[in-house]
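Take a look at the structure set out below.
The values are calculated or read from the model by the stated rules, or taken from the named source; none is laboratory data. Since the model is a prediction, treat every value here as computed from it, not as a measurement. Ideal geometry is used to build each Cβ from the backbone, glycine not excepted, and the neighbour counts take in all protein chains shown. What goes into the accessible areas is simple: the full protein's heavy atoms, side chains included, and nothing from ligands, DNA or RNA. Shrake-Rupley method; radii C 1.70, N 1.55, O 1.52, S 1.80 Å.
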Amino acid sequence: MAERPEDLNLPNAVITRIIKEALPDGVNISKEARSAISRAASVFVLYATSCANNFAMKGKRKTLNASDVLSAMEEMEFQRFITPLKEALEAYRREQKGKKEASEQKKKDKDRKTDSEEQDKSRDEDNDEDEERLEDEEQNEEEEVDN
């Protein structure tokens, strides 16, 4: 747990970016208002976390999951957030699945390339051995002709 209440505040840069994205161009916000929004956002996050934790504890789990957060939103009477949260969660899962598949494909491609390089190397070694054998045979034939 945090030692000081300020440790629980969200980063000012993040809050400022969110505020700027939410307001129309040309609208300014005072430092005091930005601080108030930051504190309110921090309180909201802590309250939502606490409610979600209660659902996890009821399920005898120590890890909060998405369904705990969605249930907390409903309990906090923020039903209008549930649909956008579900959509964002689904988009996040699709993105993670795409990243995982891309990573697996990259690993497969790398393995194929390594296998191909090993086959090429083996072929080159075989060719070198064949060339040496042919040279030896030619040299032996020349020696036999000379004798």
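Of all the numbered requirements in (1) part of a helix (DSSP H, G or I); (2) open to solvent by less than 70 Å² (accessible area, probe 1.4 Å), Glu118 misses one, and that requirement is (2).
Yes or no, residue by residue, for (1) open to solvent by 60 Å² or more (accessible area, probe 1.4 Å); (2) modelled with pLDDT of 95 or more; (3) part of a loop (DSSP other than H, G, I, E, B):
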| site | (1), (2), (3) |
| --- | --- |
| Glu32 | yes, no, no |
| Ala52 | no, yes, no |
| Lys60 | yes, yes, yes |
| Phe81 | yes, no, no |
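Against the conditions (1) of a type outside the set (D, E, K, R); (2) outside any helix (DSSP H, G or I); (3) closer than 26 Å to Ala13 by Cβ, Gln96 satisfies every one except (2). Considering only the range 1-14, state which residues are at pLDDT below 90 and surrounded by 11 or more Cβ atoms within 10 Å (Cβ to Cβ). Leu8, Asn9, Leu10, Asn12 - these are the residues of the range 1-14 that are at pLDDT below 90 and surrounded by 11 or more Cβ atoms within 10 Å (Cβ to Cβ).
Per the listing Val27, Val43, the residue uniquely open to solvent by less than 80 Å² (accessible area, probe 1.4 Å), among the β-branched types (Val, Ile, Thr) and at pLDDT below 95 is Val27.
For the condition under 44 Å from the mean Cα position of the chain (by Cα), modelled with pLDDT of 75 or more and farther than 30 Å from Val69 by Cβ, what is the one hit in Lys110, Lys121, Lys100?
That would be Lys110, the only listed residue that is under 44 Å from the mean Cα position of the chain (by Cα), modelled with pLDDT of 75 or more and farther than 30 Å from Val69 by Cβ.
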